[in-house]
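Before any comments, here is the structure.
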Amino acid sequence: MRVLVSALLAGFALLFACNNNSDKPQNKPGENQDPELAALDDLLAKDPKNDSLLYLRAGVYYKLEGYDEALADLEKALAIDSNHVAYYHLMADVMLDYARPNDSKRAIEVLEAASAKFPTSIHTLLKLSEFNLIVRRHNQALAAVDKVFRQNPQHPEGYFMTGRIALDMGDTTRAIKSLQRAVQLDATNIDAWMFLGKIMTNRNDPVAIQYFDNVLRLDSTDLEAREYKGILYKRRGEFEKAFQVYRDIIVRNPDYANAYFDMGLIYLEQDSLQKAFDNFNIAVQVDQLFVKAYFYRGLSAELQGNLDAAKLDYEQANKMSPAWNEPKEALERLNK
(Lines give C-alpha, C1' and ligand atoms only; values in the text may rest on other atoms or scores of the structure.)
Protein backbone atom coordinates (compact mmCIF):
# COMPACT_ATOMS: atom_id res chain seq x y z
CA MET A 1 0.00 0.00 0.00
CA ARG A 2 2.81 2.40 0.94
CA VAL A 3 4.46 1.65 -2.41
CA LEU A 4 1.27 2.59 -4.28
CA VAL A 5 0.89 5.92 -2.49
CA SER A 6 4.61 6.71 -2.86
CA ALA A 7 4.49 5.99 -6.58
CA LEU A 8 1.44 8.21 -6.92
CA LEU A 9 3.11 11.10 -5.10
CA ALA A 10 6.26 10.68 -7.16
CA GLY A 11 4.19 10.97 -10.30
CA PHE A 12 2.58 14.15 -9.02
CA ALA A 13 5.97 15.62 -8.14
CA LEU A 14 7.14 15.04 -11.70
CA LEU A 15 3.92 16.52 -13.07
CA PHE A 16 4.24 19.67 -10.98
CA ALA A 17 7.91 20.04 -11.87
CA CYS A 18 6.89 20.11 -15.54
CA ASN A 19 4.10 22.61 -14.93
CA ASN A 20 5.59 25.06 -12.44
CA ASN A 21 5.52 27.93 -14.94
CA SER A 22 1.85 28.67 -14.44
CA ASP A 23 0.16 31.23 -16.67
CA LYS A 24 -1.92 32.28 -13.68
CA PRO A 25 -0.80 35.49 -11.99
CA GLN A 26 0.69 34.80 -8.58
CA ASN A 27 -0.60 36.62 -5.52
CA LYS A 28 1.81 39.26 -4.29
CA PRO A 29 1.86 40.49 -0.70
CA GLY A 30 -0.78 43.17 -0.21
CA GLU A 31 -2.00 42.96 -3.82
CA ASN A 32 -5.77 42.33 -3.66
CA GLN A 33 -5.20 39.01 -1.96
CA ASP A 34 -8.17 36.97 -0.82
CA PRO A 35 -8.45 37.53 2.96
CA GLU A 36 -8.91 33.84 3.71
CA LEU A 37 -5.86 33.03 1.61
CA ALA A 38 -3.84 35.78 3.30
CA ALA A 39 -4.71 34.42 6.74
CA LEU A 40 -3.62 30.90 5.77
CA ASP A 41 -0.42 32.26 4.24
CA ASP A 42 0.41 33.90 7.57
CA LEU A 43 -0.26 30.70 9.49
CA LEU A 44 1.80 28.60 7.10
CA ALA A 45 4.68 31.06 7.28
CA LYS A 46 4.88 30.18 10.99
CA ASP A 47 4.14 26.46 10.51
CA PRO A 48 5.07 25.44 6.94
CA LYS A 49 4.76 21.69 7.57
CA ASN A 50 1.21 21.77 8.89
CA ASP A 51 -0.60 19.46 6.48
CA SER A 52 -4.05 20.56 7.69
CA LEU A 53 -3.29 24.17 6.87
CA LEU A 54 -1.92 23.17 3.46
CA TYR A 55 -5.14 21.26 2.79
CA LEU A 56 -7.25 24.25 3.82
CA ARG A 57 -5.22 26.61 1.64
CA ALA A 58 -5.53 24.19 -1.28
CA GLY A 59 -9.30 24.39 -0.85
CA VAL A 60 -9.19 28.18 -1.05
CA TYR A 61 -6.94 28.08 -4.13
CA TYR A 62 -9.37 25.61 -5.72
CA LYS A 63 -12.28 27.94 -5.03
CA LEU A 64 -10.30 30.76 -6.67
CA GLU A 65 -9.39 28.50 -9.65
CA GLY A 66 -5.73 28.50 -8.66
CA TYR A 67 -5.36 24.88 -9.70
CA ASP A 68 -1.55 24.70 -9.84
CA GLU A 69 -1.26 26.23 -6.39
CA ALA A 70 -3.93 23.90 -4.99
CA LEU A 71 -2.22 20.82 -6.38
CA ALA A 72 1.16 21.93 -5.07
CA ASP A 73 -0.26 22.37 -1.56
CA LEU A 74 -2.00 19.00 -1.69
CA GLU A 75 1.17 17.28 -2.84
CA LYS A 76 2.99 18.73 0.18
CA ALA A 77 0.15 17.80 2.53
CA LEU A 78 0.12 14.19 1.35
CA ALA A 79 3.88 13.96 1.57
CA ILE A 80 3.63 15.03 5.22
CA ASP A 81 0.65 12.82 6.10
CA SER A 82 -1.06 10.56 3.57
CA ASN A 83 -3.62 9.23 6.05
CA HIS A 84 -6.38 11.76 5.34
CA VAL A 85 -8.85 10.63 2.70
CA ALA A 86 -10.15 14.19 2.25
CA TYR A 87 -6.77 15.22 0.79
CA TYR A 88 -7.16 12.67 -2.01
CA HIS A 89 -10.74 13.73 -2.68
CA LEU A 90 -9.81 17.38 -3.05
CA MET A 91 -6.86 16.54 -5.27
CA ALA A 92 -9.14 14.54 -7.56
CA ASP A 93 -11.66 17.40 -7.70
CA VAL A 94 -8.95 19.91 -8.58
CA MET A 95 -7.58 17.71 -11.36
CA LEU A 96 -10.99 17.04 -12.86
CA ASP A 97 -11.85 20.74 -12.96
CA TYR A 98 -8.39 21.76 -14.19
CA ALA A 99 -9.08 19.60 -17.25
CA ARG A 100 -5.61 19.53 -18.79
CA PRO A 101 -4.79 16.56 -21.04
CA ASN A 102 -5.03 13.33 -19.01
CA ASP A 103 -6.16 15.17 -15.86
CA SER A 104 -9.36 13.11 -15.66
CA LYS A 105 -7.26 9.93 -15.84
CA ARG A 106 -4.98 11.24 -13.09
CA ALA A 107 -7.99 12.19 -10.96
CA ILE A 108 -9.30 8.64 -11.21
CA GLU A 109 -5.86 7.28 -10.31
CA VAL A 110 -5.89 9.45 -7.18
CA LEU A 111 -9.26 8.02 -6.15
CA GLU A 112 -8.14 4.49 -6.93
CA ALA A 113 -5.14 5.01 -4.63
CA ALA A 114 -7.48 6.40 -1.97
CA SER A 115 -9.90 3.47 -2.26
CA ALA A 116 -6.98 1.04 -1.93
CA LYS A 117 -5.66 2.86 1.14
CA PHE A 118 -9.11 3.38 2.68
CA PRO A 119 -11.08 0.30 1.51
CA THR A 120 -14.00 0.93 3.89
CA SER A 121 -14.58 4.51 2.70
CA ILE A 122 -17.91 4.34 0.91
CA HIS A 123 -17.69 8.02 0.04
CA THR A 124 -14.43 7.35 -1.83
CA LEU A 125 -15.96 4.45 -3.76
CA LEU A 126 -18.99 6.54 -4.73
CA LYS A 127 -16.73 9.37 -5.85
CA LEU A 128 -14.63 6.92 -7.86
CA SER A 129 -17.79 5.59 -9.48
CA GLU A 130 -18.95 9.10 -10.35
CA PHE A 131 -15.60 10.08 -11.87
CA ASN A 132 -15.58 6.93 -14.00
CA LEU A 133 -19.12 7.75 -15.11
CA ILE A 134 -18.03 11.25 -16.13
CA VAL A 135 -15.49 9.76 -18.56
CA ARG A 136 -18.04 7.06 -19.51
CA ARG A 137 -16.11 4.09 -18.14
CA HIS A 138 -19.31 2.31 -17.21
CA ASN A 139 -17.84 -1.04 -16.19
CA GLN A 140 -15.38 0.61 -13.81
CA ALA A 141 -18.15 2.83 -12.43
CA LEU A 142 -20.31 -0.22 -11.72
CA ALA A 143 -17.38 -2.08 -10.19
CA ALA A 144 -16.92 0.71 -7.64
CA VAL A 145 -20.63 0.64 -6.76
CA ASP A 146 -20.46 -3.15 -6.33
CA LYS A 147 -17.83 -2.59 -3.63
CA VAL A 148 -20.25 -0.22 -1.91
CA PHE A 149 -22.98 -2.86 -1.91
CA ARG A 150 -20.61 -5.43 -0.44
CA GLN A 151 -20.34 -3.18 2.60
CA ASN A 152 -23.97 -2.04 2.63
CA PRO A 153 -26.43 -3.83 0.31
CA GLN A 154 -29.05 -1.13 0.95
CA HIS A 155 -26.95 1.96 0.50
CA PRO A 156 -29.21 4.63 -1.12
CA GLU A 157 -26.35 6.44 -2.88
CA GLY A 158 -25.25 3.11 -4.35
CA TYR A 159 -28.66 2.69 -5.98
CA PHE A 160 -28.59 6.31 -7.09
CA MET A 161 -25.23 5.82 -8.82
CA THR A 162 -26.42 2.55 -10.38
CA GLY A 163 -29.42 4.43 -11.79
CA ARG A 164 -27.23 7.20 -13.20
CA ILE A 165 -24.90 4.69 -14.84
CA ALA A 166 -27.82 2.76 -16.34
CA LEU A 167 -29.32 5.99 -17.66
CA ASP A 168 -26.02 6.98 -19.28
CA MET A 169 -25.91 3.53 -20.90
CA GLY A 170 -29.42 4.02 -22.30
CA ASP A 171 -31.09 1.43 -20.05
CA THR A 172 -33.97 3.55 -18.75
CA THR A 173 -35.86 0.54 -17.32
CA ARG A 174 -32.95 -0.35 -15.06
CA ALA A 175 -32.37 3.32 -14.28
CA ILE A 176 -35.97 3.75 -13.10
CA LYS A 177 -35.78 0.65 -10.91
CA SER A 178 -32.52 1.76 -9.26
CA LEU A 179 -33.58 5.39 -8.79
CA GLN A 180 -36.92 4.36 -7.31
CA ARG A 181 -35.07 2.14 -4.85
CA ALA A 182 -32.79 5.08 -4.03
CA VAL A 183 -35.72 7.33 -3.08
CA GLN A 184 -37.40 4.52 -1.14
CA LEU A 185 -34.27 4.39 1.03
CA ASP A 186 -33.72 8.16 1.07
CA ALA A 187 -36.71 10.30 0.18
CA THR A 188 -34.60 13.47 0.46
CA ASN A 189 -32.50 12.68 -2.62
CA ILE A 190 -33.54 15.59 -4.84
CA ASP A 191 -31.33 14.51 -7.75
CA ALA A 192 -32.91 11.06 -7.83
CA TRP A 193 -36.43 12.54 -7.93
CA MET A 194 -35.29 14.91 -10.69
CA PHE A 195 -33.82 12.12 -12.81
CA LEU A 196 -37.00 10.08 -12.40
CA GLY A 197 -39.11 13.07 -13.41
CA LYS A 198 -37.05 13.69 -16.54
CA ILE A 199 -37.20 10.03 -17.57
CA MET A 200 -40.97 9.95 -17.13
CA THR A 201 -41.33 13.24 -18.99
CA ASN A 202 -39.55 11.68 -21.95
CA ARG A 203 -42.03 8.81 -21.67
CA ASN A 204 -44.91 11.31 -21.54
CA ASP A 205 -45.97 9.69 -18.24
CA PRO A 206 -47.96 11.99 -15.92
CA VAL A 207 -46.37 10.36 -12.86
CA ALA A 208 -43.46 12.74 -13.61
CA ILE A 209 -45.53 15.55 -12.05
CA GLN A 210 -45.44 13.72 -8.69
CA TYR A 211 -41.68 13.37 -8.93
CA PHE A 212 -41.19 17.07 -9.69
CA ASP A 213 -43.56 17.96 -6.85
CA ASN A 214 -41.34 15.89 -4.54
CA VAL A 215 -38.36 17.96 -5.72
CA LEU A 216 -40.29 21.16 -4.99
CA ARG A 217 -41.32 19.94 -1.54
CA LEU A 218 -37.64 19.55 -0.77
CA ASP A 219 -36.61 22.80 -2.50
CA SER A 220 -39.36 25.22 -3.44
CA THR A 221 -36.83 27.42 -5.28
CA ASP A 222 -35.96 24.76 -7.89
CA LEU A 223 -37.03 26.35 -11.17
CA GLU A 224 -35.83 23.46 -13.34
CA ALA A 225 -38.39 21.14 -11.75
CA ARG A 226 -41.11 23.70 -12.44
CA GLU A 227 -39.95 24.08 -16.03
CA TYR A 228 -40.10 20.33 -16.62
CA LYS A 229 -43.64 20.28 -15.26
CA GLY A 230 -44.47 22.84 -17.93
CA ILE A 231 -42.72 20.77 -20.59
CA LEU A 232 -44.77 17.70 -19.67
CA TYR A 233 -48.03 19.67 -19.72
CA LYS A 234 -47.07 21.03 -23.14
CA ARG A 235 -46.33 17.56 -24.51
CA ARG A 236 -49.69 16.35 -23.24
CA GLY A 237 -51.48 19.30 -24.86
CA GLU A 238 -52.43 20.84 -21.50
CA PHE A 239 -51.36 24.29 -22.60
CA GLU A 240 -53.11 26.35 -19.94
CA LYS A 241 -51.45 24.35 -17.18
CA ALA A 242 -48.13 24.82 -18.94
CA PHE A 243 -48.66 28.59 -19.21
CA GLN A 244 -49.54 28.71 -15.53
CA VAL A 245 -46.26 26.98 -14.65
CA TYR A 246 -44.16 29.27 -16.86
CA ARG A 247 -45.81 32.44 -15.54
CA ASP A 248 -45.13 31.25 -12.02
CA ILE A 249 -41.46 30.76 -12.94
CA ILE A 250 -41.25 34.28 -14.39
CA VAL A 251 -42.77 35.76 -11.22
CA ARG A 252 -40.08 33.97 -9.22
CA ASN A 253 -37.28 34.82 -11.65
CA PRO A 254 -37.99 37.31 -14.48
CA ASP A 255 -34.61 36.44 -16.05
CA TYR A 256 -35.38 32.75 -16.54
CA ALA A 257 -35.05 32.70 -20.34
CA ASN A 258 -36.28 29.13 -20.80
CA ALA A 259 -39.75 30.04 -19.51
CA TYR A 260 -40.21 32.67 -22.24
CA PHE A 261 -38.78 30.27 -24.82
CA ASP A 262 -41.11 27.45 -23.79
CA MET A 263 -44.13 29.75 -23.92
CA GLY A 264 -43.01 30.89 -27.36
CA LEU A 265 -43.03 27.29 -28.56
CA ILE A 266 -46.62 26.84 -27.37
CA TYR A 267 -47.75 30.05 -29.05
CA LEU A 268 -45.98 28.92 -32.23
CA GLU A 269 -47.84 25.62 -32.10
CA GLN A 270 -51.10 27.54 -31.65
CA ASP A 271 -50.26 29.81 -34.64
CA SER A 272 -50.16 32.86 -32.36
CA LEU A 273 -47.16 34.10 -34.29
CA GLN A 274 -46.78 37.58 -32.81
CA LYS A 275 -47.02 36.24 -29.24
CA ALA A 276 -44.49 33.57 -30.16
CA PHE A 277 -42.15 36.21 -31.60
CA ASP A 278 -42.52 38.40 -28.51
CA ASN A 279 -41.62 35.57 -26.14
CA PHE A 280 -38.62 34.46 -28.20
CA ASN A 281 -37.56 38.09 -28.33
CA ILE A 282 -37.64 38.36 -24.52
CA ALA A 283 -35.69 35.10 -24.24
CA VAL A 284 -32.96 36.56 -26.46
CA GLN A 285 -32.89 39.81 -24.51
CA VAL A 286 -32.55 37.91 -21.23
CA ASP A 287 -29.95 35.49 -22.57
CA GLN A 288 -28.01 36.79 -25.56
CA LEU A 289 -26.35 33.38 -26.04
CA PHE A 290 -29.66 31.52 -26.42
CA VAL A 291 -29.08 30.07 -29.89
CA LYS A 292 -32.44 28.31 -30.24
CA ALA A 293 -34.29 31.48 -29.24
CA TYR A 294 -32.65 33.33 -32.15
CA PHE A 295 -33.65 30.59 -34.54
CA TYR A 296 -37.28 30.43 -33.40
CA ARG A 297 -37.57 34.21 -33.31
CA GLY A 298 -36.43 34.08 -36.92
CA LEU A 299 -38.98 31.38 -37.73
CA SER A 300 -41.76 33.45 -36.14
CA ALA A 301 -40.66 36.46 -38.21
CA GLU A 302 -40.53 34.37 -41.39
CA LEU A 303 -44.02 32.99 -40.84
CA GLN A 304 -45.26 36.57 -40.49
CA GLY A 305 -43.56 37.55 -43.74
CA ASN A 306 -40.73 39.56 -42.21
CA LEU A 307 -37.98 37.86 -44.17
CA ASP A 308 -35.23 40.41 -43.48
CA ALA A 309 -35.60 39.98 -39.71
CA ALA A 310 -35.80 36.22 -40.13
CA LYS A 311 -32.58 36.16 -42.14
CA LEU A 312 -30.72 38.15 -39.49
CA ASP A 313 -31.79 35.72 -36.76
CA TYR A 314 -30.97 32.64 -38.85
CA GLU A 315 -27.53 34.09 -39.60
CA GLN A 316 -26.96 34.77 -35.92
CA ALA A 317 -28.00 31.23 -34.93
CA ASN A 318 -25.80 29.77 -37.67
CA LYS A 319 -22.85 31.89 -36.56
CA MET A 320 -23.25 30.83 -32.93
CA SER A 321 -23.85 27.14 -33.68
CA PRO A 322 -22.41 26.27 -37.11
CA ALA A 323 -22.90 22.53 -36.55
CA TRP A 324 -26.67 22.96 -36.18
CA ASN A 325 -28.33 22.28 -39.52
CA GLU A 326 -31.71 24.00 -39.09
CA PRO A 327 -30.43 27.59 -39.38
CA LYS A 328 -28.48 26.61 -42.53
CA GLU A 329 -31.55 25.04 -44.05
CA ALA A 330 -33.64 28.09 -43.18
CA LEU A 331 -31.12 30.42 -44.85
CA GLU A 332 -31.11 28.22 -47.96
CA ARG A 333 -34.92 28.35 -47.98
CA LEU A 334 -34.89 32.14 -47.81
CA ASN A 335 -32.24 32.48 -50.48
CA LYS A 336 -34.38 30.48 -52.85
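Take the residues of region 225-253 that are among the acidic types (Asp, Glu) and in a helix (DSSP H, G or I): which is farthest from the chain's Cα centre (by Cα)?
Filtering region 225-253 for residues that are among the acidic types (Asp, Glu) and in a helix (DSSP H, G or I), the one farthest from the chain's Cα centre (by Cα) comes out as 240.
How many residues are of a type outside the set (S, T, N, Q), free of Cβ contacts under 8 Å to residues at least 60 places away in the same chain and either in a helix (DSSP H, G or I) or buried (at least 21 other Cβ atoms within 10 Å of the Cβ) (or both) if we restrict to region 110-125?
So the answer is 6.
Consider residue 49 carefully, then state whether it is surrounded by fewer than 18 Cβ atoms within 10 Å (Cβ to Cβ), in a helix (DSSP H, G or I) and of a type outside the set (Phe, Trp, Tyr).
No.
Taking only pairs six or more apart or across chains, which ones have beta-carbon atoms under 8 Å, a first residue in region 289-304 that is over 15 Å from residue 321 (Cα atoms), and a second residue that is of a type in the set (Val, Ile, Thr)?
Close Cβ pairs (under 8 Å, with a partner that is of a type in the set (Val, Ile, Thr)) amount to 297/284.
One residue is enough: does region 262-273 have a residue meeting the conditions among the aromatic types (Phe, Trp, Tyr), more than 22 Å from the chain's Cα centre (by Cα), buried (at least 22 other Cβ atoms within 10 Å of the Cβ) and part of a helix (DSSP H, G or I)?
Quick first cut of region 262-273, residues among the aromatic types (Phe, Trp, Tyr) only: 267.
If we keep only those that are more than 22 Å from the chain's Cα centre (by Cα) as well, we get 267.
If we keep only those that are buried (at least 22 other Cβ atoms within 10 Å of the Cβ) as well, we get none.
For region 262-273, residues among the aromatic types (Phe, Trp, Tyr), more than 22 Å from the chain's Cα centre (by Cα), buried (at least 22 other Cβ atoms within 10 Å of the Cβ) and part of a helix (DSSP H, G or I): absent.
Among the residues that make up region 305-316, is at least one of them at pLDDT 95 or above, closer than 26 Å to residue 223 by Cβ and among the aromatic types (Phe, Trp, Tyr)?
No; the residues of region 305-316 include none that is at pLDDT 95 or above, closer than 26 Å to residue 223 by Cβ and among the aromatic types (Phe, Trp, Tyr).
Applying the selection to region 188-216, what residues are more than 22 Å from the chain's Cα centre (by Cα) and more than 11 Å from residue 228 (Cα to Cα)? Lay out the reasoning, then the answer.
Within region 188-216, the first condition is being more than 22 Å from the chain's Cα centre (by Cα), and the residues that meet it are 203-207, 209-210.
Result: 203, 204, 205, 206, 207, 210.
If you take the residues in region 152-173 that are free of Cβ contacts under 8 Å to residues at least 12 places away in the same chain and more than 20 Å from the chain's Cα centre (by Cα), which one is nearest to residue 140 (Cα to Cα)?
In the first step, residues of region 152-173 are kept if they are free of Cβ contacts under 8 Å to residues at least 12 places away in the same chain; the result is 153, 170-171, 173.
Now drop any that are not more than 20 Å from the chain's Cα centre (by Cα), which leaves 153, 171, 173.
Working: 153: 18, 171: 17, 173: 21 Å.
Restricting to residues being free of Cβ contacts under 8 Å to residues at least 12 places away in the same chain and more than 20 Å from the chain's Cα centre (by Cα), the top hit is 171.
How many residues are touching a residue at least 12 places away in the same chain (Cβ under 8 Å), part of a helix (DSSP H, G or I) and out of contact with any Ser or Thr (no Cβ under 8 Å at 6 or more places or on another chain) if we restrict to region 53-68?
Residues flagged as touching a residue at least 12 places away in the same chain (Cβ under 8 Å), part of a helix (DSSP H, G or I) and out of contact with any Ser or Thr (no Cβ under 8 Å at 6 or more places or on another chain) within region 53-68 amount to 11.
Checking the condition over 30 Å from residue 184 (Cβ atoms), surrounded by fewer than 24 Cβ atoms within 10 Å (Cβ to Cβ) and either modelled with pLDDT of 95 or more or among the aromatic types (Phe, Trp, Tyr) (or both), which residue from 78, 74, 142, 167 passes?
78
Starting from region 217-239, keep only residues that are more than 16 Å from residue 251 (Cβ to Cβ), then list their pairs with residues that are of a type in the set (S, T, N, Q) and surrounded by fewer than 16 Cβ atoms within 10 Å (Cβ to Cβ) whose Cβ atoms are within a distance under 6 Å, requiring at least 6 positions of separation or different chains.
Note: pairs meeting the criteria are 235/204.
Have a look at 313, 308 and point out the one that is more than 23 Å from residue 253 (Cβ to Cβ), in contact with a Lys or Arg (Cβ under 6 Å, 6 or more places away or on another chain) and in a helix (DSSP H, G or I).
Answer to the selection: 313.
Restricting attention to region 187-224, which residues are part of a helix (DSSP H, G or I) and among the small types (Gly, Ala, Ser)?
192, 197, 208
The values are calculated or read from the model by the stated rules, or taken from the named source; none is laboratory data. In this text, all values refer to a predicted model and were calculated from it rather than measured experimentally. Here the Cβ is made from the backbone with ideal geometry for all residues, glycine too, and neighbour counts use every protein chain on show.
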